[in-house]
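The values are calculated or read from the model by the stated rules, or taken from the named source; none is laboratory data. It should be emphasised that the depicted structure is a prediction, and the values quoted were computed from it without experimental measurement. Note that each Cβ is placed from the backbone with ideal geometry, even for glycine, and that neighbours are counted across all protein chains shown.
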Amino acid sequence: MQLFVSHVHEEAPIAFAVKAELARAFGNQVQVFLAGEIALGTNWLAEIQQALTNSQIVIVLFSHSSSTRPWINIEAGYGVMAAKQVLPLCHSGFTKMDLPVIYGLLQAMEISDAGDVGRFFDQIARKTAAGVLLKDRSECVAHWLEAIAAARKLAPLSHRISDDAPCVWIVGSNRGLDKQQTDINEKFAGFLAHAMAEQRFRVVLGRSSLLDQLSSSLAEVQLEMLSQFGNAAAMRKNAEKPPPNPVVILGSMRASRGVRAVFMETIGRVPDVLISIGGSPAGRTSEEVAAAKSAGLPVLPIAFTGGFSAHAEHTFSESLNDKLAQVLERRRDYAAAASEICELIRLQANLAI
């Protein structure tokens, strides 16, 4: 039986403790999936989708920090909609009473409550081939409580990623562009992904071969950072700088109810800016940029990526015009351009507050 443990990156120590205790209690009767263990170079989103599909139980770690994070709610919501057994585990001061209504209706449990932990083991045992817990129940509960207490000390819960981190919507494609321009765009996308992951930006992408590559680059950087949480010393060292949130991939924004409504319903916030890369004048990129402008989102077309973006006008604050001009001249220094674009996004986001 496969279990999926949904958690935010900075609470990885707790997730790994949950996995270890389940393995200790059930042995090879259960296989536990953690996103933090996805191999580098793997299609991160596809692995998560497949694991959610294959899992009989979705265990969700809820805290004051994680409960407001879009990806946790996407994974938990998938479990509910796919009729999986979803078990919310509340921890670090977050209680069953704090859960959103839809999860409060489930059999939620508090991770450090001995009675709840015992019921948690019973719930999983009933789904196993044996149908019962094979080891001494009280011993499993005691060992769990000890392991979780130790893991909570390692999780950097006092250094949560704030919703103040900029959220960027990226659209674009190589459609209609020649090979030279395509190569330029793909190189630039790699540097942009690295800069945004390093600076903890929240990134929302549309779909195209170019954006899929950007998504893969983001996932690789994020997983590289997650690998630093492999031991207690690394966890403590990185407590001040937890990994970023994962990228969220959405389809085209051709929604009659408007861009802002779509984003609020899916990720719980409206992006601070839109960036366009390449794109066809008659394609999806131009439609999404128009939709963003209609919704009042600041738009930054990267001129040196060609196509539609070479001719579109930005809607960033006029006070940033000089900095924008400098960035768009960095057509041969992609690393510098990507870093400066991130700086511009922060400046624009702060101006909007």
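Conditions tested, residue by residue: (1) out of contact with any strand residue (DSSP E or B) (no Cβ under 6 Å at 6 or more places or on another chain); (2) surrounded by fewer than 20 Cβ atoms within 10 Å (Cβ to Cβ); (3) hydrophobic (A, V, I, L, M, F, W, C).
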position: Arg24; (1), (2), (3): yes, yes, no
position: Ala35; (1), (2), (3): yes, no, yes
position: Ala46; (1), (2), (3): yes, yes, yes
position: Val86; (1), (2), (3): no, no, yes
position: Phe94; (1), (2), (3): no, no, yes
position: Ser112; (1), (2), (3): yes, yes, no
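Count of the stretch 1-35 residues, restricted to those that are part of a strand (DSSP E or B) and either in contact (Cβ under 8 Å) with a residue 40 or more places away in the chain or under 17 Å from Cys90 (Cβ atoms) (or both), is 5.
Matching residues to (1) within 24 Å of the chain's Cα centre (by Cα); (2) β-branched (Val, Ile, Thr); (3) more than 30 Å from Ile72 (Cβ to Cβ):
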residue: Val262; (1), (2), (3): yes, yes, no
residue: Ile275; (1), (2), (3): yes, yes, no
residue: Leu300; (1), (2), (3): yes, no, no
residue: Glu318; (1), (2), (3): no, no, yes
residue: Asn321; (1), (2), (3): no, no, yes
residue: Leu328; (1), (2), (3): no, no, yes
residue: Tyr334; (1), (2), (3): no, no, yes
residue: Glu343; (1), (2), (3): yes, no, no
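Results for (1) within 18 Å of the chain's Cα centre (by Cα); (2) β-branched (Val, Ile, Thr); (3) in a loop (DSSP other than H, G, I, E, B); (4) modelled with pLDDT of 90 or more, shown as yes or no for each residue.
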site	(1), (2), (3), (4)
Leu210	no, no, no, yes
Ser216	yes, no, no, no
Gln228	yes, no, no, no
Lys241	yes, no, yes, no
Asn245	yes, no, yes, no
Ser286	no, no, no, yes
Ala291	no, no, no, no
Ser309	no, no, no, yes
Thr315	no, yes, yes, yes
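Among the residues of the stretch 55-79, the ones that are more than 30 Å from Pro166 (Cβ to Cβ) and in contact with a Phe, Trp or Tyr (Cβ under 8 Å, 6 or more places away or on another chain) come to 3 in all. Of the residues Glu265, Glu288, the single one that is buried (at least 20 other Cβ atoms within 10 Å of the Cβ), closer than 28 Å to Pro70 by Cβ and either among the charged types (D, E, K, R) or not assigned by TED's automatic domain parsing to the domain that holds Gly206 (or both) is Glu288.
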